[in-house]
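The values are calculated or read from the model by the stated rules, or taken from the named source; none is laboratory data. Values in this document were obtained by computation on a predicted structure and should not be read as measured data. Using ideal geometry, Cβ is built from the backbone for each residue, glycine included, and neighbour counts are taken over all protein chains shown. With ligands, DNA and RNA removed, areas are computed over all heavy atoms of the protein, side chains included. Shrake-Rupley method; radii C 1.70, N 1.55, O 1.52, S 1.80 Å.
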Amino acid sequence: MSLTPHYENSILGMLRKIADQLDIPEQGQSEAQLALDIHLIVKDLEVSEQPLQGKYVEMNKRELPVRGNVGYNKKAKLFEDLSVCHCKVFPLLSLPDTVLSRVFKSLDIKDKKNLRLVNRWFGKKIKILDSTFRTWKIDLNEYSEFKEVQDTLGKAKIDDIILNYSINIGLLNKILHSSYKKEMLTWILNVWGVYVTGLRVFLIGNEVFLLNEFFRFPHLEMLHLMSTAEPDDDCEIEIELIKRHANTLTKLSVRGYWDWIKVPYEINLPRIQALKFAVCGFAPIKFLTFACSENVRRIDFECCLVDGNLPEIKMPKLLHISIESSTLNLYAFAEQFAEQLITLKIHDLYDLDKRAKFRNLKYLWIDKDVQSGWNFIQDCSTTLEHLVCEFPRPPNNEFAPEQKLEFDLPNLRDLYIMGVGYWRATFNAENLEFLFYQEILLQHHFMMNLDWMNLT
């Protein structure tokens with residue numbers, strides 16, 4: 001093929017010229033793939049002849065999975081051509097970091113993991129240029145795992161180079177002795193404390209060492225607290241952990257707390273953006289929503305039982321609410337923000353009394369238990385972009401009249417239909433890009449007008 005001047009001067013053009021010298025066939029490779037193929041070939045050229053008792057023995061030649069063998073007699077010719085390479089080091093190894101980072105971005109995570117194993121140079125460069133390989137989630141479920149974690153973290157540090165790591169620590173074994181928890185957290189704080197951004201811990205009430213001011217993570221962003229607290233517990237440890245990290249936390253999750261958690265109103269969590277409650281009661285939900293009201297953007301409720309109505313509260317930045325297998329009081333709480341929400345997920349909520357209109361939703365999940373689910377779709381038909389829906393199943397009366405619905409959804413991109421029951425639903429979605437439906441459940445009760453595919 002003839003190369004234009006622009007192509008010749010590009011990275012891909014340079015790599016293609018080197019590949020031609022090595023007889024690597026052109027198969028539409030990307031820069032990263034072509035560079036890796038060339039690197040493997042040049043590496044084999046360096047070791048294809050090894051000294052053995054004054055003689056040279058030829059080593060086995062590497063075969064590429066798709067591209068097959070290449071000519072190994074090209075090495076001298078390649079390095080003699082100064083227009084291709086001015087040194088005896090493959091150019092990829094001498095590219096500036098700004099270019100290398102672009103090459104690494106074009107690879108998926110699996111390819112980058114494999115590339116790290118080529119040699120130490122690649123392992124070091126990828127760790128420096130790709131923050132994904134400096135983000136770790138570590139669960140210490142047994143004390144016997146602690147020594148291995150110490151060794152692994154020790155090997156991860158690169159001498160004379162300051163890198164930003166992100167470590168998420170989990171101590172979720174509720175029968176792990178508090179002395180072991182103390183020893184492990186003490187070591188982590190002393191050696192890696194500035195890099196800990198997430199802490200997940202199961203508390204049974206005897207971890208009094210956490211009340212010591214020493215156990216403060218300076219850059220903690222996510223705190224997940226789990227417990228099976230008894231009614232007479234004052235949750236002093238949980239409250240102290242929340243207060244201590246109030247100025248850095250952006251995500252807070254609590255699980256297993258009912259009506260006995262006592263979070264004082266003076267706690268303010270100004271940076272919290274995501275709040276999650278699982279298996280919680282009225283008191284923790286009331287107090288923590290108040291403490292996080294300033295900047296919270298997302299709230300998730302899972303298996304929460306709330307006896308009373310939550311008070312009205314202003315949450316100017318709240319955009320996303322998810323309610324699963326919880327009491328109806330939480331849906332009434334969500335209706336306070338009907339005009340500002342863009343995401344609403346409702347699952348396993350029976351006898352829902354819909355009063356407000358959610359006119360600005362872009363993402364909506366409703367299941368068969370939401371009897372008025374079709375009303376939610378009509379409210380936000382002009383703004384909806386992602387819809388997951390399942391309408392009620394047929395009633396016991398086989399002679400019940402079939403219900404007919406039609407929706408005009410001009411901005412809908414993704415549609416997941418899990419079932420329409422005894423409804424006959426028509427979705428007019430001319431801009432739809434992705435469609436999923438359970439064919440067994442539909443049984444000809446579903447119609448789509450897809451102008452972009454000329455289908456009806």
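Of the residues in region 343-362, how many are without any contact (Cβ under 8 Å) to a residue 24 or more places away in the chain and either buried (at least 18 other Cβ atoms within 10 Å of the Cβ) or among the small types (Gly, Ala, Ser) (or both)?
Step one: list which residues in region 343-362 are without any contact (Cβ under 8 Å) to a residue 24 or more places away in the chain, which gives 350-351, 354-358, 360-361.
Going one step further and asking which of them are either buried (at least 18 other Cβ atoms within 10 Å of the Cβ) or among the small types (Gly, Ala, Ser) (or both), we end up with 356, 358, 361.
Summing the residues that are without any contact (Cβ under 8 Å) to a residue 24 or more places away in the chain and either buried (at least 18 other Cβ atoms within 10 Å of the Cβ) or among the small types (Gly, Ala, Ser) (or both) in region 343-362 gives 3.
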Open item on the list: Would you confirm, using the coordinates I've provided, whether residue 144 is open to solvent by 60 Å² or more (accessible area, probe 1.4 Å), on the phi < 0 side of the Ramachandran plot, at pLDDT 80 or above and small (Gly, Ala, Ser)?
Closed with: yes
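The rows are residues; the columns are (1) more than 24 Å from residue 236 (Cα to Cα); (2) within 27 Å of the chain's Cα centre (by Cα).
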residue: 278; (1), (2): no, yes
residue: 288; (1), (2): no, yes
residue: 305; (1), (2): no, no
residue: 308; (1), (2): yes, no
residue: 313; (1), (2): yes, no
residue: 316; (1), (2): yes, yes
residue: 319; (1), (2): yes, yes
Open item on the list: Looking only at residues that are of a type outside the set (Phe, Trp, Tyr) and surrounded by 15 or more Cβ atoms within 10 Å (Cβ to Cβ) in region 428-445, which one is modelled with the highest pLDDT?
Closed with: 432
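Okay, residues lined up against (1) assigned to a helix (DSSP H, G or I); (2) modelled with pLDDT of 90 or more; (3) within 24 Å of residue 204 (Cα to Cα):
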{"position": "111", "(1), (2), (3)": "yes, no, no"}
{"position": "155", "(1), (2), (3)": "yes, no, no"}
{"position": "159", "(1), (2), (3)": "no, no, no"}
{"position": "168", "(1), (2), (3)": "no, yes, yes"}
TODO: Evaluate region 240-251: report whether one residue or more is within 29 Å of residue 367 (Cβ to Cβ) and either modelled with pLDDT under 95 or among the basic types (Lys, Arg) (or both).
DONE: yes
Task: Cross-chain or 6+ apart pairs with Cβ under 8 Å, region 373-389 first and modelled with pLDDT under 90, then in a helix (DSSP H, G or I) and not β-branched (Val, Ile, Thr) - done: 389/373
TODO: Name the single residue, out of those in region 96-118 being in contact (Cβ under 8 Å) with a residue 12 or more places away in the chain and more than 23 Å from the chain's Cα centre (by Cα), that is most open to solvent (accessible area, probe 1.4 Å).
DONE: 97
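Does region 212-221 include one or more residues that are closer than 21 Å to residue 279 by Cβ and either in contact with an Asp or Glu (Cβ under 7 Å, 6 or more places away or on another chain) or buried (at least 18 other Cβ atoms within 10 Å of the Cβ) (or both)?
Narrowing region 212-221 to residues closer than 21 Å to residue 279 by Cβ: none.
No.
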Task: Test result for residue 332, farther than 21 Å from residue 253 by Cα, in contact with an Asp or Glu (Cβ under 9 Å, 6 or more places away or on another chain) and part of a helix (DSSP H, G or I) - done: yes
Open item on the list: Here is a list: 285, 267. Which entry is crowded, with 18+ Cβ neighbours inside 10 Å and either outside any loop (DSSP other than H, G, I, E, B) or at pLDDT below 90 (or both)?
Closed with: 285
Open item on the list: For region 170-185, give me each residue that is open to solvent by 30 Å² or more (accessible area, probe 1.4 Å), touching a residue at least 12 places away in the same chain (Cβ under 8 Å) and outside any loop (DSSP other than H, G, I, E, B).
Closed with: 180, 182, 183
Task: Residue, nearest to residue 415 (Cα to Cα), within region 369-386, restricted to residues that are within 28 Å of the chain's Cα centre (by Cα) and open to solvent by 10 Å² or more (accessible area, probe 1.4 Å) - done: 386
Open item on the list: Please determine whether any residue of region 413-427 is surrounded by fewer than 15 Cβ atoms within 10 Å (Cβ to Cβ), in a loop (DSSP other than H, G, I, E, B) and modelled with pLDDT of 65 or more.
Closed with: no
Task: Residue that is over 25 Å from residue 106 (Cβ atoms) and free of Cβ contacts under 8 Å to residues at least 24 places away in the same chain, where the choices are 132, 152 - done: 152
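When you look at residue 250, is it surrounded by fewer than 18 Cβ atoms within 10 Å (Cβ to Cβ), closer than 25 Å to residue 287 by Cα and among the β-branched types (Val, Ile, Thr), yes or no? Walk me through how you get there before you give the answer.
Details: surrounded by fewer than 18 Cβ atoms within 10 Å (Cβ to Cβ): yes; closer than 25 Å to residue 287 by Cα: yes; among the β-branched types (Val, Ile, Thr): yes.
Here the answer is yes, as residue 250 does meet what is asked.
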Open item on the list: Can you pull out every residue in region 316-327 that is assigned to a loop (DSSP other than H, G, I, E, B) and in contact with a strand residue (DSSP E or B) (Cβ under 8 Å, 6 or more places away or on another chain)?
Closed with: 318, 319, 325, 326
